[in-house]
1. I need a count of the residues in the range B:141-166 that are in a loop (DSSP other than H, G, I, E, B) and either surrounded by 23 or more Cβ atoms within 10 Å (Cβ to Cβ) or within 12 Å of chain A (Cβ to nearest Cβ) (or both).
2. When the residues of the range A:112-164 are filtered to those that are outside any helix (DSSP H, G or I) and within 14 Å of chain B (Cβ to nearest Cβ), which remaining residue is surrounded by the most Cβ atoms within 10 Å (Cβ to Cβ)?
3. Do you know which of the residues in the range A:232-241 that are facing chain B (nearest Cβ under 7 Å) and among the aromatic types (Phe, Trp, Tyr) is surrounded by the most Cβ atoms within 10 Å (Cβ to Cβ)?
4. If you take the residues in the range B:233-251 that are buried (at least 17 other Cβ atoms within 10 Å of the Cβ) and closer than 15 Å to B:ALA43 by Cα, which one is modelled with the highest pLDDT?
5. Quick one: count up the residues across the range B:69-100 that are away from chain A (no Cβ under 11 Å) and among the aliphatic types (A, V, I, L, M).
6. Which of the residues belonging to the range A:104-127 are of a type in the set (S, T, N, Q) and under 24 Å from the mean Cα position of the chain (by Cα)?
7. Quickly run through the range B:167-181 and pick out the residues that are under 27 Å from A:VAL490 (Cα atoms), within 12 Å of chain A (Cβ to nearest Cβ) and either buried (at least 20 other Cβ atoms within 10 Å of the Cβ) or of a type outside the set (Ser, Thr, Tyr) (or both).
8. Assess whether B:LEU60 counts as being farther than 15 Å from B:CYS201 by Cα, within 16 Å of the chain's Cα centre (by Cα) and at the interface with chain A (Cβ under 10 Å from one of its Cβ atoms).
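The values are calculated or read from the model by the stated rules, or taken from the named source; none is laboratory data. On a predicted model such as this, the values are computed, not experimentally measured, just so you know. For neighbour counting, all protein chains shown are included, and Cβ atoms are generated from backbone atoms with ideal geometry for every residue, glycine included.
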Amino acid sequence: MAAFALRRLPFWLLILLSAVAVFGVSKQVLAGEGHPHDSAISQTQASEQSGAHARKATSFAWPDWEKVKRVISFRDHNTRVVFSGLTLLGIVSGITGTFLLLRKRSLLSDSVSHATLPGLAIAFIALELISGKGDSLNWLLIGGAITGFLAMLAVIYLPKISGIKSDASLALSLTFFYGIGVVLLSVIQMLPTANASGLEYLIYGNAATLTSTDVQLILAICIVCLVACILFFKEFSLLCFDSGYAKANGFPANKLDIFLMTLIVLISIVGLQAVGLLLIMALLITPAVSARFWAKRMGRVTFIAGLIGGTSAFIGVLMSSLFPRLPAGAIVVLTATLFFILSLTFGSYRGLLSRWFLKRRAMKRIEMNQFLRSTFDVLEGDQNDCMFIENERIGALMKTPIVADKVWNRRSWSRAKFAKVLGRAVSENWIRLIDDGTFILTEDGVARARHHARQHRLWELYLIKYADVAPSQVHHDVERIEEVAAPEVVREIEDIFQNEIKSRVIPVEPHPQITQ
Amino acid sequence: MATVPFPQDDSCPLSVKDLTVAYERKPVVWDVEFEAVPSSMTAIIGPNGAGKSTLLKAVLGLIPKASGRTLFFGKDLKRASSRVAYVPQRESVDWNYPVTALDVVTMGLYRKIGWCLPVLSSHKRKAQTALEKMEMLAYADRQISELSGGQQQRVFLARALVQDADLYILDEPFAGIDATTEKAIIQILQELRSAGKTVVCVHHDLTTVVEYFENVLLLNLRKVASGPVDEVFTLENLKKTYGGKLTLLDRVAQSLASANN
């Protein structure tokens, strides 16, 4: 038992560490409540731009070297806080977003983030009425979280209880909640004392106005979500892959599902200030989609998604602190999308380029097989014999010259393509040219041609005899028949050909000849 | 109608009583009563839309029941879930999911590994053994979309095997797979039965029922009949189950005749 506990020591250490981290950060959040308005990056900006607010700056200016140095060296405490907060937000939203993507709920985050609007507005109005000061961020976010959570439940349970499709339930809950939000916003406009600029930041996002209290909240929520994703990694993976199996296996799949989606709601809430409710979905989904082009296992995909999310967030904040007029949220999203385009193109696993290379290689292999098979057909036609099973005449085959045109006649290729394949066959040493129009097979060439002729004919006969396939549909390149048909079936088909050899009947191709 | 005493003992791997499942107002499975015989293989057969898969899903609690009760080894599924292994239909999952064959098989151990605890190398070895049993060890590191249909089914069965359960519930394991895989799977299932395990399996190929199974449950919304194959799997019962689809029945008649000879 002790050995058992010891083996899992790193794991317990991780739990302990994360517990300490959560405790530490949340304590800091509580302590930080005293001085809420020490806006982080805007301090630097304020000194540069003589008090003008970042958003109100009128001209575009390249940052001078002094400023670049200042941002890159993270000299200011608040710069460090904002950078670390948003980078962690990027990492964690990439990771949780992977589960969301694989749970096939990509659009849920959009419904949730839009549904935060009525909650924000209600909280704002309530605060205005109670204290006359509506921009207490934590209360606003709690309000947003409540309506976001309700929207999440609606998205999940509407299809279950009403039978409507899930895309319809997404659309319904998004528009319903957002509609309420818009109405409430117009109510806020009518309040005499209200200054709704704080709300505006939550809709469009503005990382530059984050205070260190805000960032501490982001850090706390992110650490909670990160720890949850690490701890429940295998449960979440199972849920996303096969929820029915998870349930039958004794996992409380529904509760787990709600738990995972609650993490999404939390991330969406803290992401509000950074990127705004319109763009949160991109923060969750884009890194995950990009990561899928680089890896074929869950762990790698989540890791890479976190990496891409974190890098995008970092670059976004960097850009917006160098160019104060650029909105950080949009830059983060655009950077992530850039990563997506790069991944789509160059991704090692399913990127366009790697797929194109694989396809080209496969095409070349298939073409060579077809070429050699047709060559074999020609050889047989010339010899008036069936010889793909016998071995004793292989030596003779190597000495028989073949007229290239006869092979070309059997394929529906253009002259140019045929010449290309022929050239490749020579350079890959399957055939040797005798003169311009004739060639002979090499030893390897004979073996490969014979193998593919055999495979091809066995396949055709197998499909016709056993799979009720119309003979005219059989002609396509096929892999080894032994992978599909049982050995005794292969032997049976081979016997059919053996009998044909014995009765000296030239085997006709079992499908009608394809005309050029 | 005479009441059948509902068994409470834990020797019966699966007992279903009065099970009714309804989508909206229309019942899909109606008043099914059924007991699986320990260490035997039972086929659930019936025409398309007869509610075979629905029955299994309701039994496993994956879809809500309108009424009825199911007991596994005399207990609720929650308390007996470690003794039950489920092989869902192959189409029920996304085969593009980023996992390897070995990862999928390891999922069968997650319950045993326990909440939040990591997968250890000893678990991986267990999963490899299960893959080897299904002759799939060479494909352990393949992403699951790179596998053929038959290979995917083998992976699913390996995931159930690794659970080391006492009752195996399979939903159409032979649908859309090649003959070699079908033989391999049936061989493994027969081995399980010889080891005292119980197998319940939704099956669609009437011609192989006699060869593969010893018990059968004929289902068409209601239970038509259930029991040993040689008593229940008769032309008369099949006609009741399948109605007028005679071409199908002719083939079964032939297979029945050849089995009797």
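1. 7
2. A:ILE164
3. Checking each candidate, the answer is A:PHE241.
4. As a first pass, look at the range B:233-251 and keep what is buried (at least 17 other Cβ atoms within 10 Å of the Cβ): B:233, B:237-238, B:241-242, B:249.
Keeping just the survivors that are closer than 15 Å to B:ALA43 by Cα gives B:233, B:237-238, B:241.
Working: B:PHE233: 91, B:ASN237: 88, B:LEU238: 88, B:THR241: 87.
If we take residues in the range B:233-251 being buried (at least 17 other Cβ atoms within 10 Å of the Cβ) and closer than 15 Å to B:ALA43 by Cα, then B:PHE233 is modelled with the highest pLDDT.
5. 1
6. Listed by number, the residues that qualify are A:SER106, A:SER109, A:SER111, A:SER113.
7. Correct list: B:ILE177, B:ASP178, B:ALA179, B:THR181.
8. Details: farther than 15 Å from B:CYS201 by Cα: no; within 16 Å of the chain's Cα centre (by Cα): yes; at the interface with chain A (Cβ under 10 Å from one of its Cβ atoms): yes.
So B:LEU60 fails the test.
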